[in-house]
Amino acid sequence: MSTTTDLIDVSERRSAHNYHPLPVVIHEAHGAWVTDVEGKRYLDCLAGYSSLNFGHGNPKIIEAAQEQLKNLTLTSRAFYHDQFAAFCAGLGDLTGKDMILPMNTGAEAVETAIKVARKWGYEVKGVQPEQANIIVMEDNFHGRTTTIVSFSTDPAARDDFGPYTPGFRIVKYGSVEAIREAVDANTVAVLFEPIQGEAGVLVPPDGYLTQVRELCTGEGILMIADEIQSGLGRTGKTFACDHEGVVPDMYVLGKALGGGVVPVSAIAANEDVLGVIKPGQHGSTFGGNPLACAVGNAVIEILNTGEYQSRAAELGEVLHARLRELIGHGVIAVRGRGLWAGVDIDPSLATGRAVSKELMARGVLAKDTHGSTIRLAPPIVISEEDLLWAVDQLADTIASFR
Ligand SMILES: Cc1ncc(COP(=O)(O)O)c(C=O)c1O
């Protein structure tokens with residue numbers, strides 16, 4: 001059982017159909033390239049939804065993981081372990097925050113942020129019991145738990161998973177006025193993505209982050225930036241909020257924090273916020289485990305050099321300049337920042353799925369979102385030559401549908 005057809009057949013019969021993968025079975029990967037079970041190579045332009053910012057098999061990260069595997073993999077948080085202090089201090093310094101609360105998946109970190117914001121609201125802000133509300137955005141994507149899908153505006157993510165968790169107010173993304181109108185005395189936080197990835201790499205208008213910061217400060221509510229996909233180098237800065245020099249009250253991090261090796265997520269905040277959590281009130285058996293922290297420490301070390309941020313900025317210029325040339329040639333619009341782009345293909349030409357399949361046939365792995373949008377987010381280690389080759393494949397693919 002090792003051919004593509006056999007492996008896909010069993011996978012489809014024996015797993016829930018909660019994904020609709022492209023028909024490729026990957027066997028190994030290095031840097032920006034993956035190889036399937038048939039030996040065919042593809043350029044990875046998805047990078048595990050930005051979990052692989054530092055490349056497949058990044059030597060520094062793999063070495064840290066291998067070293068840690070030999071020594072200690074799990075203690076639970078019932079005990080301290082020797083990777084934990086460096087992880088919390090290192091991530092705290094990277095974010096400029098006093099404290100870290102580590103978890104595993106992105107959705108868990110978002111849940112953590114919601115719990116902390118509510119508790120802060122009751123204990124610090126003085127909101128009446130059970131009355132806290134959190135303002136969230138239309139077309140958000142924060143994960144798949146029951147509370148998080150309760151405030152999704154995507155019917156596929158939400159429908160038939162009720163009853164839903166109350167306490168969220170959904171407003172238009174990119175409009176600070178919409179937030180202002182939704183705020184009341186019980187508002188404890190604004191939770192948002194500085195760039196909406198799943199929605200199609202939507203970049204808010206210039207000045208939006210600054211205005212949200214000012215509004216949150218003025219109203220005494222927490223600004224919570226979900227930087228799970230936008231953070232850790234992808235946009236050409238450590239955090240997407242850095243593009244406006246804005247510091248949220250809480251960062252929500254995941255994906256690339258695990259170096260493409262293990263799930264690692266965390267929230268970062270100052271003690272006046274994160275200090276509300278006491279023993280027994282939140283946690284996870286695996287959150288902050290030794291292997292996760294050792295990998296996270298390697299990731300933090302990589303980010304502290306600033307090399308990946310600069311590289312994403314430089315390659316991002318190249319990517320966006322080339323993509324802009326496709327506008328009017330089967331491409332309607334291009335958005336994004338750094339090494340991250342949402343490309344809207346003319347829907348009369350082809351669906352995003354059809355474009356992704358044709359790209360795959362040409363040796364490029366990318367994923368569609370929302371109809372005819374293609375997301376491009378290759379590992380930041382990609383060479384300029386490979387990046388331009390990938391865009392050429394996209395141009396040829398679109399031309400083949402015209
Ligand atoms: C902005 C954002 N938040 C949260 C999540 C959820 O992360 P996970 O899939 O690790 O639960 C994602 C995943 O795509 C994301 O893009």
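The values are calculated or read from the model by the stated rules, or taken from the named source; none is laboratory data. A quick note: this is a predicted structure, and the numbers were derived from the prediction, not measured. Cβ atoms come from the backbone with ideal geometry, glycine included; neighbour counts cover every protein chain shown. We work out accessible area using only protein heavy atoms, side chains counted, and drop any ligands, DNA or RNA first. Shrake-Rupley method; radii C 1.70, N 1.55, O 1.52, S 1.80 Å.
Ranked highest first by average number of other Cβ atoms within 10 Å, how do 36-46, 9-19 line up?
Details: 36-46: 17.3, 9-19: 8.6.
The packing order, highest mean first, is 36-46, 9-19.
Run the quick spin-label model on Glu177 and Ala89: label points 7 Å from Cα toward the beta carbon, then report their separation in nm to one decimal.
Reported label-point gap for Glu177 and Ala89 is 5.0 nm.
If you fit an axis through the alpha-carbon atoms of helix 307-324 and take the longest principal axis of the Cα set of the chain, what angle between them do you get, 0 to 90°, nearest 10?
50 degrees
Can you send over the carbon and sulfur percentage of the accessible area for the chain, probe radius 1.4 Å, protein chains only? Working shown, then result.
Values: 8890 of 17390 Å².
Of the solvent-accessible surface of the chain, carbon and sulfur hold 51 percent.
What's the center-to-center distance, using Cα atoms, between the range 280-310 and the range 141-172 in Å?
28 Å
What is the helix-to-structure angle for 4-14, meaning the angle in degrees between its Cα long axis and the longest Cα principal axis of the chain, kept from 0 to 90 and rounded to the nearest 10?
Value to nearest ten degrees: 40.
Write down the accessible area per residue of the range 206-340 in Å², having rolled a 1.4 Å probe over the full set of protein chains.
Numbers: 4780 Å² over 135 residues.
Averaged over the residues of the range 206-340, the accessible area is 35 Å².
Need one number: nm distance between label points at Glu314 and Glu123, each 7 Å from Cα along Cα→Cβ, rounded to one decimal.
A separation of 4.7 nm, rounded to one decimal place.
Relative contact order, percent, of the range 209-350 when contacts are C-alpha pairs under 8 Å separated by at least 6 residues? Show your work: numbers first, answer last.
On the way: 194 pairs, mean separation 31.5, N = 142.
Contact order relative to length: 22 percent.
If I model a spin label as a point 7 Å beyond the Cα along the Cα-Cβ vector, how far apart are those points for Phe401 and Ala354 in nm?
Inter-label distance under the simple model: 0.7 nm.
List nothing, just return the count: lysine pairs in the chain, 8 or more apart or interchain, with Cα separation under 15 Å.
The result is 5.
Restricting to the chain, compute how many DSSP beta bridges are antiparallel as a %, nearest 5. Provide the component values of the computation, followed by the final result.
Values: 30 of 47 bridges.
Taking every DSSP beta bridge within the chain, about 65 percent pair in antiparallel fashion.
Given the DSSP H assignment, sum -39500 (n - 2.57) over each helix run of at least 4 residues in the chain and divide by its residue total; what's the result at 222 nm in deg cm²/dmol, nearest 500? Don't skip to the answer; put the middle values down first.
Values: 14 runs with 149 residues, N = 402.
My calculation for the chain gives -11000 deg cm²/dmol from helical runs alone.
Can you find, among Pro290, Leu232, Val334, the residue farthest towards the positive end of the dipole of the range 231-375? Put +1 on the C-beta of Lys and Arg, -1 on that of Asp and Glu.
Working it through, the farthest residue towards the positive pole turns out to be Val334.
Dipole magnitude of the range 241-371 about its Cα centre, charges +1 at Lys/Arg Cβ and -1 at Asp/Glu Cβ only, in debye to the nearest 20? Mind dumping the intermediate values first?
Details: 11 positive and 14 negative charges, 111 e Å.
In debye, rounded to 20, the range 241-371 gives about 540.
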